[in-house]
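Asks: First, the structure itself, so that you have it in front of you.
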Amino acid sequence: GQQLNQSPQSMFIQEGEDVSMNCTSSSIFNTWLWYKQDPGEGPVLLIALYKAGELTSNGRLTAQFGITRKDSFLNISASIPSDVGIYFCAGLVRGSNYKLTFGKGTLLTVNP
Amino acid sequence: GAGVSQSPSNKVTEKGKDVELRCDPISGHTALYWYRQSLGQGLEFLIYFQGNSAPDKSGLPSDRFSAERTGGSVSTLTIQRTQQEDSAVYLCASSSTHSTNEKLFFGSGTQLSVL
C-alpha cells in the first residue's frame, strides 16, 4: 500500500523560531493535508492542498503541494508554545476519494 | 452535539475480553471512519461508512474486529477476544459530503489498554 515518509520524527525548538517538516512518497497523491494533534485529542485539519505546486497559508502556517505530487512541506513561522503537538501529513491517492494515508507524525516541542 | 463524540474515553480490559467502542458523528455527516493510532505511529485506516453503501472494511486487521453503523448515525467498533497488540487509541471521524471526504472531523478517541 501507499506509504508516507514524514520527517523529522521530532523537533525541539525555541519560541520564535521557524519550523519546517515534510512528507514524501513513492506514489502520486491528488490531495495533501496537514493535521495537528494536541495531547488527548483527535487530529484537527490545518491546511488542505489540491493542486501540484499550490502554496497555501493559514496564519503562521504555510504548506506546499510538491510539483511532482509526491511530496509536501509545512512551515510554521515564529513558533509559540501552543504550537506544541504532533503534526501529521496525510494524502489521497489517485482513484480514492476517501481513504487517507497518514504519515507517522512530527512531534514538535517549543521551549518558551 | 457540536463535534464527534466518542465513548468511553479510556478503556482498560483483560486479554480475551470483548470491548465495544462508540462513536457519535457530527449530525448530518454521512461519512464515518474508524482509525487506529498506535504509540509513535500514524493513523491506520480501519473501516469507512458512507450513507447506505456497503462499508469499506479493508483496513480491519483481523476477523476479531467488526463495526456497524445503525440508522446512518452512531457507530460501534467491536473487538472480540482482545489481545495486547490491540492496545491503541481508536479514533472516529466524520465528514459531511462525498466530494470533500478528505476533510475529516475527528473525535478525541478511545484509549484502549489490554492487560
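Asks: Working only within region A:61-86, note down all residues that are of a type in the set (S, T, N, Q) and open to solvent by less than 10 Å² (accessible area, probe 1.4 Å).
Replies: A:Ser72, A:Ser79, listed by residue number.
Asks: Tell me which residues, restricted to region B:63-96, are open to solvent by 60 Å² or more (accessible area, probe 1.4 Å) and either under 24 Å from A:Glu41 (Cβ atoms) or out of contact with any Asp or Glu (no Cβ under 8 Å at 6 or more places or on another chain) (or both).
Replies: B:Asp63, B:Glu68, B:Thr70, B:Gly71, B:Gln84, B:Glu85
Asks: Kindly evaluate A:Ser10 against the criterion of being closer than 19 Å to B:Gln41 by Cα, out of contact with any Gly (no Cβ under 6 Å at 6 or more places or on another chain) and at pLDDT 90 or above. Walk me through it before giving the result.
Replies: Details: closer than 19 Å to B:Gln41 by Cα: yes; out of contact with any Gly (no Cβ under 6 Å at 6 or more places or on another chain): yes; at pLDDT 90 or above: yes.
Considered against the rule, which asks whether it is closer than 19 Å to B:Gln41 by Cα, out of contact with any Gly (no Cβ under 6 Å at 6 or more places or on another chain) and at pLDDT 90 or above, A:Ser10 comes out as yes.
Asks: Is there any pair linking a residue in region A:66-81 that is farther than 14 Å from A:Gln14 by Cβ and at pLDDT 95 or above to one that is surrounded by fewer than 15 Cβ atoms within 10 Å (Cβ to Cβ) and acidic (Asp, Glu), with Cβ under 9 Å and at least six apart or on different chains, and which?
Replies: A:Asn75/A:Asp18
Asks: Another one. It is to be established whether one or more residues within region B:41-62 are aliphatic (A, V, I, L, M), crowded, with 21+ Cβ neighbours inside 10 Å and more than 20 Å from A:Tyr35 (Cβ to Cβ). So that I can check it myself, show each step before the final result.
Replies: Keep residues of region B:41-62 that are aliphatic (A, V, I, L, M), which gives B:43, B:46-47, B:54, B:60.
With crowded, with 21+ Cβ neighbours inside 10 Å added as a condition, the list becomes B:43, B:46-47.
Okay, now just the ones that are also more than 20 Å from A:Tyr35 (Cβ to Cβ), so none.
Scanning region B:41-62 turns up no residue that is aliphatic (A, V, I, L, M), crowded, with 21+ Cβ neighbours inside 10 Å and more than 20 Å from A:Tyr35 (Cβ to Cβ).
Asks: So which residues in region A:87-101 are within 9 Å of chain B (Cβ to nearest Cβ), part of a strand (DSSP E or B) and either surrounded by fewer than 23 Cβ atoms within 10 Å (Cβ to Cβ) or among the polar types (S, T, N, Q) (or both), if there are any at all?
Replies: A:Leu92, A:Thr101
Asks: Then there's this: Tally the residues that are more than 11 Å from the chain's Cα centre (by Cα), within 12 Å of chain A (Cβ to nearest Cβ) and either within 17 Å of A:Leu45 (Cα to Cα) or at pLDDT 95 or above (or both), restricting the search to region B:27-48.
Replies: 3
Asks: Of all residues in region B:21-40 being among the small types (Gly, Ala, Ser) and under 25 Å from A:Gly103 (Cα atoms), which is most open to solvent (accessible area, probe 1.4 Å)? Show your work before the answer.
Replies: Pass one, region B:21-40, residues among the small types (Gly, Ala, Ser): B:27-28, B:31, B:38, B:40.
Still in the list and also under 25 Å from A:Gly103 (Cα atoms): B:31, B:38, B:40.
Values: B:Ala31: 0, B:Ser38: 36, B:Gly40: 61 Å².
Restricting to residues being among the small types (Gly, Ala, Ser) and under 25 Å from A:Gly103 (Cα atoms), the top hit is B:Gly40.
Asks: Can you give me the number of residues within region A:82-102 that are touching a Phe, Trp or Tyr at 6+ places or on another chain (Cβ under 9 Å), in contact (Cβ under 8 Å) with a residue 40 or more places away in the chain and not aromatic (Phe, Trp, Tyr)?
Replies: Total satisfying the criteria: 9.
The values are calculated or read from the model by the stated rules, or taken from the named source; none is laboratory data. Nothing here was measured: the structure is a model prediction, and the numbers come from that model. Reconstructed Cβ throughout: ideal geometry from the backbone, glycine too, with neighbour counts over all protein chains shown. SASA here: full protein model, heavy atoms, side chains in, ligands and nucleic acids out. Shrake-Rupley method; radii C 1.70, N 1.55, O 1.52, S 1.80 Å.
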